[in-house]
Each structure stands twice: as structure tokens, then as C-alpha cells.
Amino acid sequence: MATTTDYVLHIKVRLLISPIVASFTVVEEKVWSDRGYVRIRCVLTNGDVLEVAEYFVREQGECRPERYRYQWMEGGTQKLCRRWDNVEHYPGLPNFPHHIHRSDGSVAPGERLSIIQLLDVLEKNITQDKVR
């Protein structure tokens, strides 16, 4: 059973120990007993920037993302590497509203993703440069 405070603490610890996160700043954090919101800016070890914003809810003892936007930008530029979000603007995609904006401007179906799951994806792929 995770409380909302435990969930946010877990995110921060995960960022602290991640081999791809050089530093991070909590831009905004709000936590209530049944929901919360975090917005964090990370500088990755390769110089890229990762901006994450997640509104989450606590249901049946678990916290899960309800609304999210995770944007990975090439360091020193305004060039998008990827953005994962669930804004409801691509109703024709499988797994609507979850989708991924790619660096080439295309949009692909996505899945519900938490900040912690995103770190798993990036850690697995960023060193192999497969995600871009």
C-alpha cells in the first residue's frame, strides 16, 4: 500500500539513483491523501533535458498517473527527442489517449506511463541511442 507521499518520495529516490540523471529540480509538488501532482526538470548525463509533469491518483492502495506529459529535449537546443502524454487530441490512435510524439513530427500510439516507468525506458535505451 503506497501513500501519495511515499509515491513522490519513490520518484525522487529513483531520480537520485538513476544512472542517466545528472541533476533534477522539483518545480512543483502538491500532495493530498488521494492524489498529487509533481513537475520536475532533469538534466541527463548526456546533456539532454527531461521535463516531467504527472497528476496521479491513489486508488485501491496504489498510485497511478491520471494526466501526464514527459518531454525529452536534445541538450542545448529546442529539438524534441520524444514526448509522451495523454492529452485527448488523437482519438484515432490505438490506446487513445496515450501517445508519443517523435522527433520526426510523427505521433505513435502509447501506453499509460509513470515517471518511474519512463526512467526504466530511458535507462534501457538512452545509452544505446535507440529511443530517438
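The values are calculated or read from the model by the stated rules, or taken from the named source; none is laboratory data. Quick caveat, the model's predicted, so the values are computed rather than measured. Reconstructed Cβ throughout: ideal geometry from the backbone, glycine too, with neighbour counts over all protein chains shown.
Annotation note: Cβ proximity below 7 Å between a residue of the stretch 1-30 that is small (Gly, Ala, Ser) and a residue that is in a loop (DSSP other than H, G, I, E, B) and surrounded by 13 or more Cβ atoms within 10 Å (Cβ to Cβ) (sequence gap 6+ or interchain) occurs for 22/45. Taking the conditions (1) more than 20 Å from residue 18 (Cα to Cα); (2) of a type in the set (S, T, N, Q); (3) in contact with a strand residue (DSSP E or B) (Cβ under 7 Å, 6 or more places away or on another chain) in turn, residue 78 satisfies each one other than (3).
Tally time: how many residues in the stretch 38-67 are of a type in the set (Phe, Trp, Tyr) and in contact (Cβ under 8 Å) with a residue 60 or more places away in the chain? Give the steps one after another, and end with the answer.
Keep residues of the stretch 38-67 that are of a type in the set (Phe, Trp, Tyr), which gives 55-56.
Then keep just the ones that are in contact (Cβ under 8 Å) with a residue 60 or more places away in the chain; that gives none.
Count: 0.
The residue list 43, 27, 57 contains one member that is β-branched (Val, Ile, Thr), part of a strand (DSSP E or B) and in contact with a Phe, Trp or Tyr (Cβ under 8 Å, 6 or more places away or on another chain), which is 43. One residue stands out among those in the stretch 60-93 that are of a type in the set (Ser, Thr, Tyr) and either modelled with pLDDT of 95 or more or not in a loop (DSSP other than H, G, I, E, B) (or both): the one that is surrounded by the most Cβ atoms within 10 Å (Cβ to Cβ), which is 70.
If the condition is being among the basic types (Lys, Arg) and out of contact with any helix residue (DSSP H, G or I) (no Cβ under 9 Å at 6 or more places or on another chain), then the stretch 16-73 contributes 30, 39, 41, 64, 67, 69.
When restricted to residues that are of a type in the set (Gly, Ala, Ser) and at pLDDT 95 or above, the stretch 1-21 contains 1.
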